[in-house]
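A short worksheet on the structure shown next.
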Amino acid sequence: MLTFPHKFKESLEDFNKFAANLRKGVENLASIDEILAGQSDSHERCGSCRSCLRSCTEKELVYQDGKRKLYRYKQRAKKVCHVPMLIVYALVNRYTMLDLQPNRSMIRNLLDQGQDVYLIDWGYADRMDRFMTMEDYIDGFINDCVDFIREQHQLDAINLLGVCQGGTFSTIYAALYPEKVKNFIPMVTPIDFDTKDSLLNVWASSFDVDLMVDAYGNVPGDMMNQAYTLLQPFTLSVQKYVNMVPIMEDSDKLADFLRMETWIFDSPDQPGETLRQFIKELYQGNKLVKGEFMLGGRKVELKNITMPVLNIYAELDTLVPPVSAKAMTKHVGSKDVQELTYPVGHIGMFVSGKTQKTLAPKIAEWINARL
Amino acid sequence: MQDFFKQQADWLKTWQENQEKLTKQYAELSQEFVENISGKKKEPDFFEGWFKSQSGLEEQFREFTSRMNEMINNTLGGKIHPDVLKFVNISFFEEFYKNWLSNLELPGGMKNPLGMDGGWQQATSFLRSFLEKDHPFFSTFSSSTITDQMSRVFGMLQGALGQEESAFSNIVNGYQDFFSKIFESTTAQGTEKLAEGFEKWTKEMEKHLSAPKLGINRELSHDMSQAMVMSQNFIQTYIKMARLVEATSRKAGIRFQTKLSESALKNKPVNKFSDICALWAVENETVFLEVMGTQEFAKLQGDFVNAGHQLKIQWNKLAEKALEPTPIALKRDLDLAIAEIHQMKRDMKTFQRELRAKENEARMAREAQTAAEEEANKAKAAVKAAEAAAQDEAKKAKAAVNAAETAAKDEAKKARAAEAAVEKLAERAKTDTKTVKAATGASTKTKSKNV
């Protein structure tokens with residue numbers, strides 16, 4: 001409410017500035033190149049054009065099974081760690097978050113620290129993946145990739161880094177194949193699902209996932225996005241776009257904003273059977289921490305995780321609340337468990353300025369002390 | 001694309017100039033209004049100009065947002081995913097703007113007459129207009145998604161039924177009409193009234209479906225009847241959700257108004273457009289999240305989502321029924337085929353893994369065999385070498401023995417010869433002694449004679 005004449009005038013002038021930003025923003029939009037989020041596969045590299053400067057880190061396809069691919073990133077440091085690291089991302093959204101753009105790239109930072117980085121790209125699930133189960137992903141492709149890397153490097157065990165749902169998959173893998181994992185790094189990984197700290201966990205208890213999978217087959221990525229938007233409905237649907245206006249006059253900032261938007265809405269559909277299993281067994285049954293989770297006829301015992309563990313989680317995470325990730329420390333059998341936390345949200349862990357500077361060096365330092 | 005933007009540049013320039021002109025005019029009129037408010041009566045022309053400038057501003061911005069959206073769509077089309085474009089939708093700024101303008105309290109504490117329609121207090125209206133613009137806010141099951149799906153399914157059903165079953169077709173049409181109308185309603189109360197009508201109509205139609213006319217597929221009638229029951233269930237859960245959203249919006253609206261008043265009373269009016277948007281979002285979110293974090297909300301949302309999925313499964317079933325007489329592959333058949341292919345792939349993978357393990361075992365066995373053979377060969381060669389060395393040694397020993405024997409013999413011979421020589425020498429010595437003795441005797445005799 002406005003009670004002073006000069007304030008009244010001021011507010012109108014302020015609005016004019018807002019509208020001018022919008023206008024400038026449209027001019028900038030016209031001059032922005034194609035917006036990519038860490039994808040440069042279709043672009044032939046010259047190393048100097050705007051696309052190259054903004055695109056992701058160079059990588060090579062080294063192994064493939066259908067639409068699932070294993071990449072190895074090109075080394076950037078002189079001295080490279082002799083034990084390679086495999087990164088397992090979630091099926092939800094795309095791994096490009098880890099290599100969004102040169103100044104927001106956890107992968108690039110790890111490479112600069114001398115890590116030898118491999119990464120799994122799950123691809124976009126389609127109708128043919130409707131019956132893929134967690135066993136297919138974990139006992140199947142993750143195990144194949146680990147074996148491939150072990151063979152290539154003539155090693156018994158490699159370092160494993162799992163992100164979010166990919167972290168849960170990696171946890172299950174590390175519990176089933178501890179002899180193949182030298183060091184384990186779960187990042188923002190849900191382990192204990194019996195919490196009321198996240199709306200997702202509260203909501204999951206009341207909906208019938210069988211009906212959802214039977215109705216859709218693969219669950220549309222859009223639907224998942226809408227559920228995530230509901231976690232902060234007004235911030236993510238309204239406020240974010242109001243905040244966008246002042247940055248629209250800066251074409252670089254605008255491009256960064258749109259790149260992030262591109263990533264957010266680049267949501268593959270979720271393979272029906274895997275989602276059914278993930279929600280029923282973990283979100284609703286919380287079987288992992290209860291020691292009741294079975295994969296391929298084998299019981300998954302978190303106590304089997306005896307290798308060193310670096311548990312990384314975000315203190316302001318609304319998707320994977322800290323209490324859910326923190327449970328890892330309590331349940332694994334390893335005597336060498338460390339926690340690393342940041343005062344950021346789920347996505348901030350990968351793109352915020354603070355984590356860009358310190359996260360990769362801390363991971364590398366922890367690994368190097370355990371080789 | 002650059003050409004497209006150039007065409008818009010003039011319009012944007014004019015718009016901004018007009019915007020500034022109108023804003024200035026509006027501010028001046030408001031100032032004048034306040035200065036003269038104590039006692040002086042304003043002329044009707046003044047009010048006319050004052051209202052005009054405000055509605056002019058509103059009109060300006062409405063056009064601006066619609067053209068801006070068009071430009072964003074044109075400039076970003078092909079650059080980012082269409083789903084993202086759906087979100088980069090600035091038309092809701094218009095809602096904010098309209099409410100912001102109408103909520104401006106004039107200097108001196110007089111309420112802006114344009115704010116009399118409620119403005120921000122009508123948070124529910126804002127929410128509804130938001131939904132209508134196909135924004136994903138609370139729209140997992142937005143009316144457009146549901147009615148689109150329904151149209152597709154019933155389109156197939158109508159096509160399959162043809163002319164013969166017009167009675168049934170009428171039911172399908174009626175069902176679709178009712179259903180769509182219910183989701184077009186913008187208030188929970190309106191939805192409720194429409195739902196009552198739908199329920200009555202459903203009961204009536206049930207009579208036809210439970211005893212269908214000759215020629216109408218009984219199984220299909222049964223499925224259709226089930227779809228109607230499920231629809232009622234879905235609509236009831238939708239109404240409950242709508243009521244909760246409305247009540248929460250109302251509560252959030254009051255909270256927002258209170259915060260605005262508090263700020264004004266503290267002489268810190270929220271006068272910037274972006275600040276007022278931020279305050280609105282924060283206050284709404286606080287109230288909504290409080291509600292959305294409860295088990296009651298989870299249950300309500302669960303019931304709503306589950307009822308929606310049940311209905312969708314039933315519609316899928318109806319669509320399958322419609323496709324049965326056609327040569328088009330059914331979803332369930334495709335699913336079966338995909339499941340089989342998937343199992344075959346899985347078996348193949350298991351087989352490949354086993355094969356790889358066996359190959360590894362074989363390779364390891366081969367390597368072990370080669371190593372063992374190498375060791376055996378080495379051992380053989382060592383034995384041979386040892387044998388040869390032993391033979392050499394034996395030969396050498398033999399030769400040494402022979403040489404030693406020969407040497408011994410020689411030595412014996414030499415010894416014997418020496419013995420013989422000694423004996424000979426002894427003999428000679430004897431002889432010599434005798435000779436000496438004889439010689440000595442002769443000499444003594446001679447000596448004595450001389451003496």
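So, R0 is 35 Å and r is the distance between the beta-carbons of A:SER31 and A:ASP222; what FRET efficiency does that work out to, to 0.05? Kindly include the intermediate steps, with their values, before the conclusion.
Working: r = 30 Å, r/R0 = 0.85.
After rounding, the FRET efficiency stands at 0.75.
Amide H of A:GLU339: which non-local residues (sequence gap of 5 or more, or other chain) have their own amide H closer than 5 Å, using H built in the peptide plane?
Correct list: A:ASN311.
Using the Karplus curve 6.51 cos²θ - 1.76 cosθ + 1.60 with θ = phi - 60°, what ³J(HN,Hα) values do you get for each residue of segment A:58-64, in whole Hz, with x for Gly and Pro?
In residue order, the calculated couplings are 5, 9, 10, 6, 10, 7, 8 Hz.
Under the Karplus relation 6.51 cos²θ - 1.76 cosθ + 1.60, θ = phi - 60°, what is the ordered set of whole-Hz ³J(HN,Hα) values for segment A:224-230, x standing for Gly and Pro?
Those phi angles translate into 5, 4, 5, 5, 5, 5, 5 Hz.
Order A:123-135, A:330-342, B:306-318 from most to least packed using the mean count of other Cβ atoms within 10 Å. Please report the intermediate quantities before stating the final value.
Numbers: A:123-135: 19.4, A:330-342: 16.0, B:306-318: 21.0.
In decreasing order of mean packing, A:123-135, A:330-342, B:306-318 become B:306-318, A:123-135, A:330-342.
Using helices alone, what [θ] at 222 nm do you get for chain A, with -39,500 (n - 2.57) per DSSP H run of 4 or more residues, divided over all residues and rounded to the nearest 500? Intermediate values should be presented prior to the final figure.
Details: 15 runs with 147 residues, N = 371.
Mean residue ellipticity at 222 nm (helix-derived): -11500 deg cm²/dmol.
Which whole number gives the average, over all residues in B:327-335, of C-beta atoms from other chains lying within 10 Å of the residue C-beta?
Working: counts 0, 0, 0, 0, 2, 0, 0, 3, 5.
Across the residues of B:327-335, the mean count of other-chain Cβ atoms within 10 Å is 1.
Relative contact order for segment A:41-368 using alpha-carbon pairs under 8 Å, separation at least 6, rounded to a whole percent? Intermediate results must be reported in sequence, preceding the final value.
On the way: 596 pairs, mean separation 69.0, N = 328.
After rounding, I find 21 percent.
I need the Debye-formula profile for chain A: one equal scatterer per C-alpha, no solvent, reported as log10 I(q)/I(0) at q = 0.10, 0.11, 0.12, 0.14 1/Å, two decimals.
Each listed q maps to, in turn, -0.66, -0.79, -0.93, -1.24.
Over 19 Å between Cα atoms, which of B:LYS193/B:LYS240; A:LYS24/A:LYS253; A:LYS196/A:LYS326; A:LYS287/A:LYS330; B:LYS181/B:LYS240 qualify?
Numbers: B:LYS193/B:LYS240 13 Å; A:LYS24/A:LYS253 13 Å; A:LYS196/A:LYS326 14 Å; A:LYS287/A:LYS330 15 Å; B:LYS181/B:LYS240 17 Å.
Among B:LYS193/B:LYS240; A:LYS24/A:LYS253; A:LYS196/A:LYS326; A:LYS287/A:LYS330; B:LYS181/B:LYS240, the Cα-Cα distance tops 19 Å for no pair.
Accessible surface of A:LEU91 in the full protein assembly, 1.4 angstrom probe, to the nearest 10 Å²?
20
To the nearest 10 degrees, how steeply does helix A:143-153 sit against the main Cα axis of chain A, on a 0 to 90 scale?
80
Measure off, as a whole percent, the carbon and sulfur share of the 1.4 Å-probe accessible area of segment B:299-416, all protein chains present.
Numbers: 5190 of 8480 Å².
It is 61 percent, rounded to a whole number.
Quick query: amide H of A:THR189 versus all other amide H atoms, modeled in the peptide plane; which residues come in under 5 Å with a sequence gap of 5 or more or a different chain?
Long-range HN contacts for A:THR189: A:CYS164.
Carbon and sulfur together cover what percent of the accessible area of segment A:41-368 at a 1.4 Å probe radius? Intermediate results must be reported in sequence, preceding the final value.
Numbers: 5580 of 11790 Å².
That fraction is 47 percent.
How crowded by other chains is A:14-24, given as the mean number of beta carbons from other chains within 10 Å of each beta carbon? If you can, show how the numbers build up before the last one.
Details: counts 5, 12, 7, 3, 6, 13, 4, 1, 8, 10, 1.
Counting Cβ atoms of other protein chains within 10 Å of each residue's Cβ and averaging gives 6.
Helix A:165-176: angle to the longest alpha-carbon principal axis of chain A, degrees 0 to 90, nearest 10?
10
Shielding of A:200-211 by partners, i.e. mean partner chain Cβ atoms within 10 Å per residue?
Numbers: counts 0, 1, 7, 9, 2, 4, 12, 9, 7, 2, 2, 9.
Mean partner-chain Cβ count within 10 Å for A:200-211: 5.
What distance in nm lies between label points placed 7 Å from Cα along the C-beta direction at B:LEU425 and B:SER210?
It is 15.7 nm.
Amide H of A:VAL181 versus every other amide H placed in the peptide plane: which residues, excluding those fewer than 5 positions away on the same chain, fall under 5 Å?
A:ILE158
Using θ = phi - 60° and the Karplus curve 6.51 cos²θ - 1.76 cosθ + 1.60, what whole-Hz ³J(HN,Hα) does each residue of segment A:293-302 get, with Gly and Pro shown as x?
In residue order, the calculated couplings are 6, 10, 9, x, x, 10, 7, 8, 9, 5 Hz.
The values are calculated or read from the model by the stated rules, or taken from the named source; none is laboratory data. All values reported here derive from a predicted model rather than from experimental measurement. So basically every Cβ, Gly included, is an ideal-geometry build from the backbone, and we count neighbours across all protein chains shown. Keep in mind that these areas ignore ligands, DNA and RNA; they rest on the heavy atoms of the full protein, side chains included. Shrake-Rupley method; radii C 1.70, N 1.55, O 1.52, S 1.80 Å.
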